[in-house]
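Let me begin by presenting the structure, written as structure tokens, before commenting on it.
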Amino acid sequence: MLPGEDGTSLCRGLRAKSETPVIMLPAMGSEVDRIVGLEVGADDYLVKPFSARELLARIRAILRRCGGPEPVRERPRVLGFAGWSLDQGRRELRTPDRVVVHLSQGEYALLGTLLERAPQVVERTELLEKHRGDTSIPFDRSIDIQISRLRRKLEEGPGGSALIKTVRGIGYQFTATVVDQGEAASSGTSSGTGRGA
């Protein structure tokens, strides 16, 4: 039903010169159409109408079977700020005196986001959506409560009292320079490149 050339011919031509996975999404879905589509080289055949979730699941299945590219996994980093360090591999926050400060899962995720975005202001709505998902509502105070707890924990170490700034009506800003210390911080050195000002 395509103008000029039908999907079967396109699939046959593509398969002759490429191993790119192909999913046919036709309006016609008789048994003969499906068999012909698969025989000319389609990897899957999904008849309209279909949901986006089903199409996504089929794409992922084909990529698994075809040895699609493995997702790039970033090496856990150690982010340093004002003498503090957040070890993403160990999920540990350490004071400048190297004392481990316990963080809840929510506090850890919140601090990680603020560090990654420093020195930008992160809007409350973005923090809510990222850490509470679709269940968040505009006047949800959970982020503010977690920020207060996080501030108290940062105050336990030297220089931690003013690291998180409230930007009224917008959100929060991490004020210290954030340095990616890589693996070096785990062995006690502090090399890296600055992320914020």
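crowded, with 17+ Cβ neighbours inside 10 Å and outside any loop (DSSP other than H, G, I, E, B): is that true of Glu129 in this structure? Against the criterion (crowded, with 17+ Cβ neighbours inside 10 Å and outside any loop (DSSP other than H, G, I, E, B)), Glu129 does not qualify. Scoring Ala42 on the criteria (1) open to solvent by less than 40 Å² (accessible area, probe 1.4 Å); (2) not in a loop (DSSP other than H, G, I, E, B) leaves a single failure, condition (2). Looking at the stretch 50-73, can you tell me whether even one residue there is among the β-branched types (Val, Ile, Thr), within 22 Å of the chain's Cα centre (by Cα) and in a loop (DSSP other than H, G, I, E, B)? Within the stretch 50-73, one or more residues are among the β-branched types (Val, Ile, Thr), within 22 Å of the chain's Cα centre (by Cα) and in a loop (DSSP other than H, G, I, E, B).
Considered as a group, the residues in the stretch 132-155 that are surrounded by 12 or more Cβ atoms within 10 Å (Cβ to Cβ) and among the acidic types (Asp, Glu) include one that is modelled with the lowest pLDDT, and that residue is Asp140. Among the residues making up the stretch 13-29, those that are in a helix (DSSP H, G or I) and surrounded by 15 or more Cβ atoms within 10 Å (Cβ to Cβ) are Leu14, Arg15.
The values are calculated or read from the model by the stated rules, or taken from the named source; none is laboratory data. Bear in mind that the values here come from a model prediction, so they are computed numbers and not experimental data. No Cβ is skipped: glycine too gets one built from the backbone with ideal geometry, and neighbour counts run over all protein chains shown. Note: accessible area is taken over every heavy atom of the protein model, side chains too, but ligands, DNA and RNA are not part of it. Shrake-Rupley method; radii C 1.70, N 1.55, O 1.52, S 1.80 Å.
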